[in-house]
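In what follows, a single structure is set out as structure tokens and then discussed.
The values are calculated or read from the model by the stated rules, or taken from the named source; none is laboratory data. All values reported here derive from a predicted model rather than from experimental measurement. Neighbour counts are summed over all protein chains in view; Cβ atoms, including those assigned to glycine, are modelled from backbone coordinates with ideal geometry.
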Amino acid sequence: MSSSRPCTPVMRSRRWCAVPAVCRLRIVAGSLAHADAVEAVVRDADAVISMLGVRKGDTAAICTDGVGSIVRAMDAAGARRLIALSAYGASETRKASLFIRLVRKIIAAKMRDKDGMEAVVRASGLDWTLVRPAVLTNGPHTGHVRAGASLRPGLAGRISRADLAAFLLREAADGNDIGGAVVVSR
């Protein structure tokens, strides 16, 4: 992450984030259930990037409820730009392939949560973008990213977390896909 703009993530715990000192990052450990804290973080933000996810085995609606808290905080603070990390296979891509249909059966609660989150984002009235990555890997940043609303990554579709992070930051800065759901893959 090399941006001249400071970033302020709200994380469950600071222990999950090892960030090089060159990054202008102020980590806030907390919960999206604390509306005042979330509003303070999003106030004066050029963009808010939501990267919510459910822990393995958890069936709570973390994404739906969390993005609801973010949207309310953004409304209260006057922030406009929201980029929300979703999943390929959510909403209108739910029947993209037999593989996606199988995945949705295996992780049904997680996918229902992503569907709900997308509905909240779409109804928010914000300048939003939904980002649906292919399968995530721990590979290096390559700079090779394909993106598009109708992109079908297929069974071999992959993207490194580093490339996804770069895409999210670029989307926050450029706003090329406002009001759309974009699929990203290598």
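Taking Thr59 as the residue in question, decide whether it is at pLDDT 75 or above, within 27 Å of Ile159 (Cα to Cα) and in contact with a helix residue (DSSP H, G or I) (Cβ under 7 Å, 6 or more places away or on another chain). Against the criterion (at pLDDT 75 or above, within 27 Å of Ile159 (Cα to Cα) and in contact with a helix residue (DSSP H, G or I) (Cβ under 7 Å, 6 or more places away or on another chain)), Thr59 does not qualify.
May I ask you to list the residues in region 149-162 that are on the phi < 0 side of the Ramachandran plot and surrounded by fewer than 13 Cβ atoms within 10 Å (Cβ to Cβ)? Before you say what the answer is, go through the steps one by one.
Residues of region 149-162 that are on the phi < 0 side of the Ramachandran plot, as a first pass: 149-153, 155-162.
Listed by number, the residues that qualify are Ser150, Leu155, Ala156.
Of the numbered criteria (1) more than 26 Å from Ser160 (Cβ to Cβ); (2) in a helix (DSSP H, G or I); (3) within 19 Å of the chain's Cα centre (by Cα); (4) of a type in the set (A, V, I, L, M), the one Ala79 fails is (2). Among the residues of region 131-168, which ones are more than 17 Å from Val182 (Cβ to Cβ) and of a type in the set (Val, Ile, Thr)? Passing the criteria: Thr137, Thr142. The sole residue among Ile100, Ile70, Ile49 that is in contact with a Phe, Trp or Tyr (Cβ under 9 Å, 6 or more places away or on another chain), surrounded by 17 or more Cβ atoms within 10 Å (Cβ to Cβ) and either touching a residue at least 24 places away in the same chain (Cβ under 8 Å) or part of a helix (DSSP H, G or I) (or both) is Ile100.
Taking region 73-93 as the range and being surrounded by fewer than 16 Cβ atoms within 10 Å (Cβ to Cβ), more than 21 Å from Gly175 (Cα to Cα) and not aliphatic (A, V, I, L, M) as the test, only Glu92 passes. A residue that is over 19 Å from Asp46 (Cα atoms), outside any strand (DSSP E or B) and in contact with a Gly (Cβ under 7 Å, 6 or more places away or on another chain) occurs somewhere in region 135-153.
Kindly provide the set of residues from region 103-134 that are polar (S, T, N, Q) and in a strand (DSSP E or B), ordered by number.
Initially, region 103-134 is screened for residues polar (S, T, N, Q), giving 124, 129.
Selection gives Thr129 alone.
Inspect region 122-138 for any residue being among the basic types (Lys, Arg) and farther than 26 Å from Gly175 by Cα and give the result as yes or no. Scanning region 122-138, I find no residue that is among the basic types (Lys, Arg) and farther than 26 Å from Gly175 by Cα, so the answer is no.
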